[in-house]
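The values are calculated or read from the model by the stated rules, or taken from the named source; none is laboratory data. Keep in mind it's a predicted model, so treat the numbers as computed, not measured. Glycine gets a Cβ as well: all are built from the backbone with ideal geometry, and neighbour counts include every protein chain shown.
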Amino acid sequence: MPYRIQWYVEGRVILEEAFGDVTIEELVRFNAEVTALIVNEGIAPVHVIVDLSKVEKYPSSLREVLGTMRQKNPEKVGWMMIVTESPVMRFVASTVFQLARLKLRTFATMQQAKMFLAEIDESVAMIG
């Protein structure tokens, strides 16, 4: 699974994008990179937009996916926003994030996620 992680708004909003087939091993690496970014450079609350709209296959084991969700500083994490039209990925994300006790919203489009972020955190200067 190729992926990209970058600051969407420096120090405050991370944009994660994944493509193709996702494996558990890649999810572990992906989440570790995001966690390090939040811990080392983030200014609370750090919101995360996860664009899964170009993912073709995602692990279906809730237990395995939940095992990849280790946050060292959960108090720094704001909202997690998942972008996908897939009902299966929305269900998996909703279940896993609830069990991980993280605030989550799912959206069909990136525009919807950006609008939600602007509503919930006016301190974030949106770009794009």
Leading residue by the ranking (modelled with the highest pLDDT) among those in region 69-87 that are aliphatic (A, V, I, L, M) and either assigned to a loop (DSSP other than H, G, I, E, B) or within 18 Å of Ile43 (Cβ to Cβ) (or both): Met81
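Among Val39, Val9, Val34, which is the only one that is surrounded by 13 or more Cβ atoms within 10 Å (Cβ to Cβ), closer than 20 Å to Met110 by Cβ and over 14 Å from the mean Cα position of the chain (by Cα)?
Residue meeting the stated conditions: Val9.
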Give region 101-128 a look and list any residue that's small (Gly, Ala, Ser) and either modelled with pLDDT of 90 or more or touching a strand residue (DSSP E or B) at 6+ places or on another chain (Cβ under 9 Å) (or both), or say none. Ala108, Ala113, Ala118, Ala125, Gly128
Residue check: is Ser61 modelled with pLDDT of 90 or more and within 25 Å of Ala108 (Cα to Cα)? no
Looking only at residues that are aliphatic (A, V, I, L, M) and more than 12 Å from the chain's Cα centre (by Cα) in region 12-31, which one is farthest from Glu64 (Cα to Cα)? Val22
List the residue pairs whose Cβ atoms are under 8 Å apart, where the first residue sits in region 18-44 and is at positive phi, the second is not aromatic (Phe, Trp, Tyr), and the two are 6 or more positions apart or on different chains. Gly20/Met1; Gly20/Pro2; Gly20/Lys54; Gly20/Val55; Gly20/Glu56; Gly20/Lys57
